[in-house]
Amino acid sequence: MASERDLRILEAISDGCSNPQEIADRLNIKIEAVLSAAESLAESGLISVDKRVIERFSLTEEGRRYAHEGLPERRLIEMIGEGKPVSELQDPALKIAIGWARKKGWVRIDKGVLRPLGRPPEGEDEIALKMLLEGEKSRSELGSAIDLLIKRGLVAPERSKSWRYEITDAGKQVLSQSKEIISKTAGYGAAVTLVKEISQLTPDIIKSGAWREARFRPYNVRVPGETIYPGKIHPYRRLMDRMRRIMLEMGFTEIKGEIIQSSFWNFDALFQPQDHPAREMQDTFYLDSRAEIPDYRSVKEMHEHGGRIGSTGWGGVWDPEIARQEVLRTHTTAITIKYLADNPDPPVKAFCIDRVYRREAIDATHTPEFEQLEGVVMDRGVTFSNLLGILKEFYSKMGFEEVRFRPGYFPYTEPSVEPEVWIDGLGWVELGGAGVFRREVTAPFGIEHPVLAWGLGVSRLAMLRLGLKDLRLLYQPDIGWLRDTPVSVFRGV
Ligand SMILES: N[C@@H](Cc1ccccc1)C(=O)O
């Protein structure tokens, strides 16, 4: 059964209006209303719908300027006349123009002089630009120059969905029947009383009491709605907030620290020998500045001889100058060890989620800046199994049910493990490092109780959680990805 609005729309389609906007304009109603009505008309077989994606092109601001003034390479040709020394053409904007003119084979450089090679005819790109001054155009109207113009940022493509409606024989029949009724009565109003279906409640319908007799059209939740892109929190930020919330729920306190650290806190305090390969230039960003470091006697003693805990230390001479060198922190463990040194009495339950820096060549799985989530628990009698339990719980709260631990090695923990989570399709994926701090780390700072410590690769975890193949997406504002990433991938957020 069709409502008054349906019939009007059906009539418009029968008169040749084939797209929603046209119909909306003609009937002075919202386009969403047309889409919704058309959907149900199509469902009842009264119209046929042809959906397609169309591409239209328009000028960017720069493109518009060039459409008026001419492309830079065109103006260059006009400017150089018979030729001009390249040394007089040093302006960066001119360099771009020269680049294009050479690419197009319009000029050549002869003994330092830029010379035109005849007068180049108007190119397809220039013609396309001029056409676009008249308004939006399609690909077929503009020709093949369009891709280059898009690359140059002069033309912006826009893809949109279009709907084409056509009335079917069944539709024609319904329309002619209803017209008969309408012509016998006063008009569409009569058709409404005839079909008695209302899609929108108006003050009039309420006041007149017409709603009592009316049948309300049910909502059709399958109608394609207008896509809207509201502002939302960046998916990566959202994920980090989630991790932060999990840690807080588990009773941890958040701590912060400086990005620039002395080697002392980044390495030495963690009993990393001064010739440890991880300190080398290819892994660490060194600054050419020196930091103040605290009283280092006990740390030096530990590195050289093993202090008074029965360790042998690393031997050799521990050099405070090396410890003073400033670095961009390579891990957040620098923050937690400093915090423990400042708070050596139990209990301590702290975490730090922040950015760290390493000299990595950038590729799909490496960036020189990334985030780590670091946690420490220090208390009387805490054990390695407590550590595994905490990690398991954290991962399960993040939605990774299957966790296992591989033996690992870090200079500052014993025993050490590398937690792995199971990802369908990928298998076991390593997600960080963990262990119990060695006495060589804790004793010099007067920490007498066991310390459980771990550091997790946050961006790694985000990649898995968001199903990304390329880590760089987390750091590049790719508007398409940002729009398409649903907020619902984060359970419980
Ligand atoms: N700092 C280690 C992780 C770790 C933290 C704490 C204990 C053990 C390991 C890393 O960056 O890989």
Run the helix sum for the chain: -39,500 (n - 2.57) per DSSP H stretch of 4+ residues, divided by residue count, reported at 222 nm to the nearest 500 deg cm²/dmol.
-10500 deg cm²/dmol
Stokes-Einstein D in µm²/s, Kirkwood radius over Cα pairs - the stretch 1-92 at 25 °C with 0.890 mPa s viscosity
139
Report, ordered by chain and residue number, the lysines lying within cross-link reach of K172, taken as a straight Cα distance under 25 Å and ignoring same-chain residues fewer than 8 apart.
K30, K51, K184, K196
Calculate the radius of gyration of the Cα atoms of the stretch 236-489 to one decimal place, then report Dmax, the largest Cα-Cα distance, as a whole number, both in Å.
18.4, 59
Per the Kirkwood definition applied to all pairs of different Cα atoms, how many angstroms is the hydrodynamic radius of the stretch 59-160?
14.4
Give, in nm to one decimal, the length gained when the segment between E402 and D241 is fully stretched (0.36 nm per residue of separation minus the Cα-Cα distance).
55.7 nm
At q = 0.12, 0.18, 0.21 Å⁻¹, base-10 log of I(q)/I(0) for the stretch 272-369 (Debye sum, equal scatterers on each alpha carbon):
-0.51, -1.07, -1.27
Work out the P(r) tail for the chain: percent of alpha carbon pairs separated by more than 42 Å, whole number.
53
I need the calculated FRET efficiency for the pair M250 and I228, taking r as the beta carbon distance and R₀ as 25 Å, to the nearest 0.05.
0.10
Under the rule of at least 5 residues apart or a separate chain, name every residue whose amide H is placed under 5 Å from the amide H of T413.
R438
Which aspartates and glutamates, on any chain, are close to K392 with Cα under 13 Å apart, when same-chain ones fewer than 8 places away are left out?
E401, E402, E418, E420
Under 17 Å Cα-Cα from K84, which aspartates and glutamates qualify once same-chain neighbours fewer than 8 residues away are excluded?
E73, D110
Relative contact order for the stretch 236-489: what percent, with Cα pairs under 8 Å and sequence separation of 6 or more?
20
Summarise the long-distance tail of P(r) for the stretch 298-434 by giving the % of C-alpha pairs beyond 22 Å.
53
Summing +1 for each Lys or Arg and -1 for each Asp or Glu, what net charge is found among the other residues whose Cβ lies under 12 Å from the Cβ of T485?
+3
Relative contact order, percent, the chain [alpha-carbon distance under 8 Å, six or more residues apart]
12
Residue pairs, from the table K338/K469; K104/K130; K103/K130, whose Cα atoms sit over 24 Å apart
K338/K469
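Every read-out reported here was derived from the displayed coordinates using simple, explicitly stated rules and does not represent laboratory data. Values in this document were obtained by computation on a predicted structure and should not be read as measured data. FYI the Cβ positions are ideal-geometry reconstructions off the backbone, even for glycines, and counts take in every protein chain you see.
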